Amino acid sequence: MLHSKITIPRLETHLHHSCNLKCDNCNHFSNYSIKADAITTDLYDKENRPWSARIFPLVYQLCGGEPTLNSDLVEICYVARDIWADSKILLVSNGFFLHKHPELPRALQENNIKLVVSVHDNSEKYNQKLDEVKTLLSSWLNEFKFELHY
């Protein structure tokens, strides 16, 4: 008997449960300061690949906590595209540690991954830090083509 994949609207994987922010309204409970290790590339592959034969997420999110806290982030982007070849992939980050991943813009471009920068505050101090993120992203977009949303 043949089985087709089950289409689901959305699926996400937390690449790191910790976050550099402590937002009161966090819907991923990262504001509880739970200390957890980041998922490794090998574990990510092992946990996700078997599911790709059974389900098809229309949208697949790499998120957290804060995914840029994971040192394997760039490599995971390549594996995610291999596993979820036909899904729209989003990387959701607050953006404050993007600078720690200089190879990320190439990975986003090569794997057709959309970067979503989540905004969590409207204070002057927060917006000053966010302006630094926007400056970095502007320089990345001068060289690489990937979709960006705030």
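Residues that are touching a Phe, Trp or Tyr at 6+ places or on another chain (Cβ under 8 Å), farther than 16 Å from residue 15 by Cα and open to solvent by less than 90 Å² (accessible area, probe 1.4 Å) within region 115-133 comprise 119, 120, 133, listed in sequence order. For the condition modelled with pLDDT under 95, among the polar types (S, T, N, Q), open to solvent by less than 30 Å² (accessible area, probe 1.4 Å) and within 24 Å of residue 131 (Cβ to Cβ), residue 30 qualifies. Cβ-Cβ distances below 6 Å connect the following pairs, each with a first residue in region 124-150 that is more than 11 Å from residue 98 (Cβ to Cβ), a second residue that is charged (D, E, K, R) and open to solvent by less than 90 Å² (accessible area, probe 1.4 Å), and a separation of six or more residues or different chains: 147/114. Here region 52-66 is the region considered, the condition is being in contact (Cβ under 8 Å) with a residue 40 or more places away in the chain and more than 24 Å from residue 98 (Cα to Cα), and the residue that is most open to solvent (accessible area, probe 1.4 Å) is 54.
Of the residues in region 10-19, at least one is modelled with pLDDT of 95 or more, surrounded by 14 or more Cβ atoms within 10 Å (Cβ to Cβ) and aliphatic (A, V, I, L, M). Scanning region 134-142 turns up no residue that is in a loop (DSSP other than H, G, I, E, B), of a type in the set (Gly, Ala, Ser) and open to solvent by less than 90 Å² (accessible area, probe 1.4 Å). Checking each residue in region 86-105 for being surrounded by fewer than 16 Cβ atoms within 10 Å (Cβ to Cβ) and either of a type in the set (Phe, Trp, Tyr) or assigned to a helix (DSSP H, G or I) (or both) picks out 99, 100. Within the set 74, 117, the sole residue that is in contact with a Gly (Cβ under 6 Å, 6 or more places away or on another chain) and at pLDDT 95 or above turns out to be 117.
The values are calculated or read from the model by the stated rules, or taken from the named source; none is laboratory data. Keep in mind that what you see is a predicted model, and the values were worked out from it rather than measured. Don't worry about glycine lacking a Cβ; one is built from the backbone with ideal geometry, like all the others, and counts go over all protein chains shown. Just the protein is used for accessible areas: all its heavy atoms, side chains included, with ligands, DNA and RNA removed. Shrake-Rupley method; radii C 1.70, N 1.55, O 1.52, S 1.80 Å.
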